[in-house]
1. Which residue pairs have Cβ atoms under 6 Å apart, sit 6 or more places apart or on different chains, and have a first residue in region 238-253 that is in a strand (DSSP E or B) and a second that is polar (S, T, N, Q)?
2. Condition check: over 18 Å from Val199 (Cα atoms) and in contact (Cβ under 8 Å) with a residue 12 or more places away in the chain. Does Leu62 satisfy that?
3. Filter region 252-285 down to residues that are of a type in the set (Gly, Ala, Ser) and loosely packed, with under 12 Cβ neighbours inside 10 Å and give me whichever is modelled with the highest pLDDT.
4. For Ser168, only one of the following conditions fails: (1) in contact with a helix residue (DSSP H, G or I) (Cβ under 8 Å, 6 or more places away or on another chain); (2) buried (at least 23 other Cβ atoms within 10 Å of the Cβ). What is its number?
5. Considering (1) surrounded by fewer than 13 Cβ atoms within 10 Å (Cβ to Cβ); (2) modelled with pLDDT of 95 or more, say which one Phe288 fails and leave the rest.
6. Take region 160-172 and flag every residue that is assigned to a loop (DSSP other than H, G, I, E, B) and either under 15 Å from the mean Cα position of the chain (by Cα) or charged (D, E, K, R) (or both).
7. Please enumerate the residues belonging to region 119-148 that are in contact with a helix residue (DSSP H, G or I) (Cβ under 8 Å, 6 or more places away or on another chain) and assigned to a helix (DSSP H, G or I).
Amino acid sequence: MNTKPILIDADPGLLVRLSLDLDDDLAILFLLASPEIAILGLTCTYGNSSIARTFADAKALLSHAGRTDLPVLKGAGWRTRDLLRETDASRFLAETVLKRPGEVTVLTLGPLTNLATALTHHPDLAEAIPELVMMGGRLRPGAEFNFGAHPKAADLVLRSAIPKVMVSMELCFQAPLTAAELRRLEDRPDSHLARYLPVIRRWLRLQRFIFSLIRLRYPEIPAGGFFPWDGIAAAYLIDPSLFSEIKVLQVWMENNRTMNSADSAGREPRSLTRAPFRLDAGRFFNLFLGRLVSLKSQPDSLIEN
């Protein structure tokens, strides 16, 4: 099987305290279990937690999965979001892609500071990335966490010549992970994922409560679960046929809000972004959950939670 080489830029937080989400970790495990993908490295950013915590989480997650061979690089933090300040992560992103121009797909699962910094210092990088898949943005104007965390970085990336796919917040609302999906994970106590089930159960209970409050203002948000945002973005790399109604948009930032328009007249064509509007949730969960439970159990390790 031909494998797609990728770099993952993420803000994982499953294994540390004071984290805002666990979706990055599930997406990373999903990709580790996918033979179509060859992960070349994992760069860490702030977002779901501080850079120190996301970096520690990434190291622990790969250790638990038996993949200490993969490089993990520390990137920007909440207080060090300076596009002129290179980090280990931004240098690794640029060096890895430029060694293999036109080959390495980039998947961003958090704020876009690391990639934007790499582009700032290596203007030729945009021409060397064959595809960028971003979890973030909106299908209608509004705020979204990943892009809004560093609007300047997001705008730089969105205006770049990299071929881009935006996996938006609204798209992910089409696939809530509910108790029914959790039971499918619980049916495989021999899988590597079993060790994380207590954390996932707690997260599901918390998100049910949080989204019950959010739905008072946004009733269109589905009930009953949480959203595997980053897992959905990762699925695009494995099976793009899960996604449909793909539109080509001009996407940019105004303050911390994502703006877009289907009218690209006068715009640089290479700055445009493809955005799926429809996800086959049933097929996605069959792929996502099936791969997660296929990971073999590893020896016990300490989980901070």
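The values are calculated or read from the model by the stated rules, or taken from the named source; none is laboratory data. Treat the numbers as computed from the prediction; the structure is a model and nothing was measured. Positions of Cβ are generated from backbone atoms using ideal geometry, with glycine treated the same way; all protein chains shown enter the neighbour counts.
1. That search, which allows pairs on different chains as well, returns Leu249/Asn260; Leu249/Thr273; Gln250/Ser261; Gln250/Ser264; Val251/Asn260; Val251/Thr273.
2. Considered against the rule, which asks whether it is over 18 Å from Val199 (Cα atoms) and in contact (Cβ under 8 Å) with a residue 12 or more places away in the chain, Leu62 comes out as no.
3. Residue satisfying both the conditions and the ranking: Gly282.
4. Evaluating Ser168 over (1) in contact with a helix residue (DSSP H, G or I) (Cβ under 8 Å, 6 or more places away or on another chain); (2) buried (at least 23 other Cβ atoms within 10 Å of the Cβ) leaves (1) as the failure.
5. The number of the failed condition is (1).
6. Ser168
7. Leu119, Thr120, His121, Leu125, Ala126, Ala128, Asn146, Phe147, Gly148
Table: residues versus (1) touching a residue at least 60 places away in the same chain (Cβ under 8 Å); (2) within 16 Å of Val72 (Cα to Cα); (3) charged (D, E, K, R).
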position	(1), (2), (3)
Gly13	no, yes, no
Asp23	yes, no, yes
Thr43	yes, yes, no
Asn48	yes, no, no
